[in-house]
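K.L.:
One structure, pasted below without further comment.
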Amino acid sequence: MTTGRQEAATVEPALELRGVSKSFGGAHALREVDFTLLPGEVHALAGMNGAGKSTLVEVVCGALAPDDGEILVGGASCPTLTPRRARALGVSIVHQRRTLVPDLTVAENLLLGRLPHRAGRVDWSTVRNEAASALDDLGVEVPVQAAVGDLTPAQQTLVEIAREVHVGGRILILDEPTAALGGADAARIHDLVRELRSRGTAVVYISHHLDEVLALADRITVMRDGRTALTEAIENVDLPALVRAMIGDRLVAEPVVRKRTFGVAALELDQLGGDRLRDFDLTIRAGEIVAVLGPAGDAQRELFPLLSGVRQPSTGTVRVGGNRLRTGSIRASLSAGLRCVTGDRLVNGLVPGLSVDENLALADRGMKRPWLVRWAVLHRRAADTRRRYGVITLAADPAVDSLSGGNQQKVLLAKWLDTETTVCLLEEPTSGVDVAAKADIHQMVDELADRGAAVLLTSADVDEVRRLADRVVVIRGGRAVAELHRGELSRDDLVSLTVGGHVS
Ligand SMILES: Nc1ncnc2c1ncn2[C@@H]1O[C@H](COP(=O)(O)OP(=O)(O)OP(=O)(O)O)[C@@H](O)[C@H]1O
Ligand SMILES: [Mg+2]
């Protein structure tokens, strides 16, 4: 295999950035960044939360205008790059926040904005055929007539990549495509990336999973505080070198070991049922962390809406702290002390128009005086929370939607983990966060359990499950089929369970 470095001398870069800077209201997100991407290379982009990775690629795809510097696509300088112009030049992007429309079908999403017409009407049979052949061409097996909202997260990502490839991108940017995906699903994305590379597509691949990056990429650039800290051929780096480049001289705290003493039953599910979930029994005691795992798309995804009150169970009862919960009511779940930290931060957790401190105040009991917002107190309390959770922002109190993905996740966790919690439901708690923040969040979850909360966790990251869980319940076809205890949780077994296999 030829490496990016060997080619660098002879091949014209597909993309080049020279001294690109970008600031938001005086805060520097990018500082004089140089970057080259060669045709047919997978170039990984790594760095801590807030390092500037997403900003860099949003500049390349014309969504953000740089303050300074030059962008060249295929050797030609592009002084004013709009999203339309970038697309015409063959730059495609799968954003960190997914953009498919859940209520539309796969075919409609694939051809959105370009639906073929005949005699003044949308030509649906051409839509289906074109979508099917676009997916087929990339070896993606997803039914074109399915609603995107019914697909698994991995299928949604595959469809989104297929859509971008279909519009003819020679440069494909993937911003954390595997953030919430488990091993087998991530492997499908990697296969697709390798296939595209073999066709000559140049790929920018952003990820916090450094092991996958080491296995997939040809070159890597590490960003730190808006600058490039390192660019190397992948065979010249290893994990410790990458982590060093990412964190610089920042200190990473040593983990404190949890007590693991369990109290009375805090969450009791008796014969709980939903659309797919069947006769599900589960008891979690105060201080205990239980992970519910299953193949992607199985009924574990239903537990959170059923327990948080978003949906009404079809059968069964729920007890929280010994009291029967009125199901199907978000308010009843909240006042029973049930907290739900779900995967989609901006849909289910944070209020986009509000600032970081205002978001934190929403769940803060000390601040429940809607007729009188005590701003000084609000900012003081929030500043304390931000410090403890390591939420890094460039401005004093920016809108929560302007934060980098990983910092949004920290705000969301801080918002809920700081409140009085009997039961905490955690869905993919470290999706999209960097290595240091991940260790911090694991510590936060441990502390929450030590304070007496019962924690129900779902995560596609088996190392995270092994790190946190006292017990793992396995779901298959809507039913609980096995239970494993801490000490029995081998990595291979957990990987096998999440793809529908058996424990050896
Ligand atoms: N629209 C915006 N307004 C204000 N600040 C912003 C905006 N977009 C990004 N920032 C800030 O720029 C910095 C870089 O953010 P960016 O999203 O590029 O980080 P990232 O490396 O992608 O991090 P993550 O791994 O968490 O996704 C962050 O401090 C972020 O808060
Ligand atoms: Mg980002």
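The values are calculated or read from the model by the stated rules, or taken from the named source; none is laboratory data. From a predicted model like this one, the values you see are computed outputs, not experimental measurements. FYI the Cβ positions are ideal-geometry reconstructions off the backbone, even for glycines, and counts take in every protein chain you see. The area values use the complete protein model at the heavy-atom level, side chains included, leaving out ligands, DNA and RNA. Shrake-Rupley method; radii C 1.70, N 1.55, O 1.52, S 1.80 Å.
K.L.:
Over 16 Å apart: what share of the alpha carbon pairs of the range 101-168 falls there, rounded to a whole percent?
P.N.:
I get 39 percent for the Cα pairs in the range 101-168 exceeding 16 Å.
K.L.:
At 1.567 mPa s and 4 °C, plugging the Kirkwood radius over alpha-carbon pairs of the range 192-318 into Stokes-Einstein gives what diffusion coefficient in µm²/s?
P.N.:
Once the numbers are plugged in, D ends up at 67 µm²/s.
K.L.:
Can you give the angle from 0 to 90° between the axis of helix 435-450 and the longest principal axis of the chain, with both taken from C-alpha atoms, to the nearest 10?
P.N.:
The answer is roughly 10 degrees.
K.L.:
Continuing with this model, one more query. Highest mean first, how do 144-155, 211-222, 454-465 rank when packing is the count of other Cβ atoms within 10 Å averaged over residues? Before the final figure, lay out each step's value.
P.N.:
On the way: 144-155: 17.4, 211-222: 20.3, 454-465: 22.8.
Result, highest mean Cβ count within 10 Å first: 454-465, 211-222, 144-155.
K.L.:
Does a label point 7 Å from the Cα of D137, set along Cα-to-beta-carbon, have any residues of the range 88-118 with amide nitrogen under 14 Å, and which are they?
P.N.:
Those under the cut-off are 110-111.
K.L.:
Turning to a different aspect of this structure: Using label points projected 7 Å from each Cα along Cα→Cβ, tell me how many nm separate E232 and D68, to one decimal.
P.N.:
2.9 nm
K.L.:
Could you tell me how many degrees, from 0 to 90 and to the nearest 10, lie between the Cα long axis of helix 375-389 and the main elongation axis, the longest principal axis, of the Cα atoms of the chain?
P.N.:
80 degrees
K.L.:
Next up: In bins 10 Å wide, starting from 0, what share of all Cα pairs of the chain does each bin hold, as a percent?
P.N.:
4, 18, 28, 27, 17, 6, 1, 0
K.L.:
If you restrict to DSSP beta bridges whose two residues both lie in the chain, what percentage is antiparallel, to the nearest 5?
P.N.:
Bridges in the chain are about 55 percent antiparallel.
K.L.:
Rounded to the nearest 10 Å², what accessible area does I71 show when all protein chains are kept and the probe is 1.4 Å?
P.N.:
Around 10 Å² of this residue is reachable by solvent.
K.L.:
Can I ask one more? Give me the 1.4 Å probe accessible area per residue for the chain, excluding ligands and nucleic acids, in Å². Intermediate values should be presented prior to the final figure.
P.N.:
Working: 22180 Å² over 504 residues.
Ligands and nucleic acids excluded, the figure is 44 Å² per residue.
K.L.:
Could you calculate the FRET efficiency of R491 with R121 from 1/(1 + (r/R0)^6), where r is the beta carbon distance between them and R0 is 45 Å, rounded to 0.05?
P.N.:
Calculated value: 0.25.
K.L.:
Calculated FRET efficiency, L112 and D150, Cβ-Cβ r, R0 22 Å, to nearest 0.05? Kindly include the intermediate steps, with their values, before the conclusion.
P.N.:
Details: r = 17 Å, r/R0 = 0.79.
Approximately 0.80, to the nearest 0.05.
K.L.:
Further, regarding this structure: Could you rank K438, K259 by how accessible they are, 1.4 Å probe, largest area first?
P.N.:
K259, K438
K.L.:
Enumerate the residues in the range 274-296 having an amide nitrogen under 11 Å from the point lying 7 Å beyond the Cα of K259 toward its Cβ.
P.N.:
Answer for the range 274-296: 287.
K.L.:
By how many nm would the segment from D384 to L239 grow when fully extended, if each residue of separation counts as 0.36 nm and the alpha-carbon distance is taken off?
P.N.:
48.9 nm
K.L.:
Could you quote the convex hull projected area for the range 192-236, Cα atoms only and averaged over all directions, in nm²?
P.N.:
Its average projected convex-hull area is 3.6 nm².
K.L.:
In the full protein assembly as shown, how much of H28 is accessible to a 1.4 Å probe, in Å² to the nearest 10?
P.N.:
H28 has an accessible surface of roughly 90 Å² with all protein chains in place.
K.L.:
Read phi for every residue in the range 408-416 and hand back ³J(HN,Hα) as whole Hz from Karplus 6.51 cos²θ - 1.76 cosθ + 1.60, θ = phi - 60°, with x for Gly and Pro.
P.N.:
Working through the residues one at a time gives 4, 4, 5, 4, 4, 5, 4, 4, 8 Hz.
K.L.:
I need the calculated FRET efficiency for the pair D225 and S314, taking r as the beta carbon distance and R₀ as 56 Å, to the nearest 0.05.
P.N.:
The computed FRET efficiency comes out at 0.65.
K.L.:
Could you tell me how many degrees, from 0 to 90 and to the nearest 10, lie between the Cα long axis of helix 183-198 and the main elongation axis, the longest principal axis, of the Cα atoms of the chain?
P.N.:
Roughly 0 degrees between the two axes.
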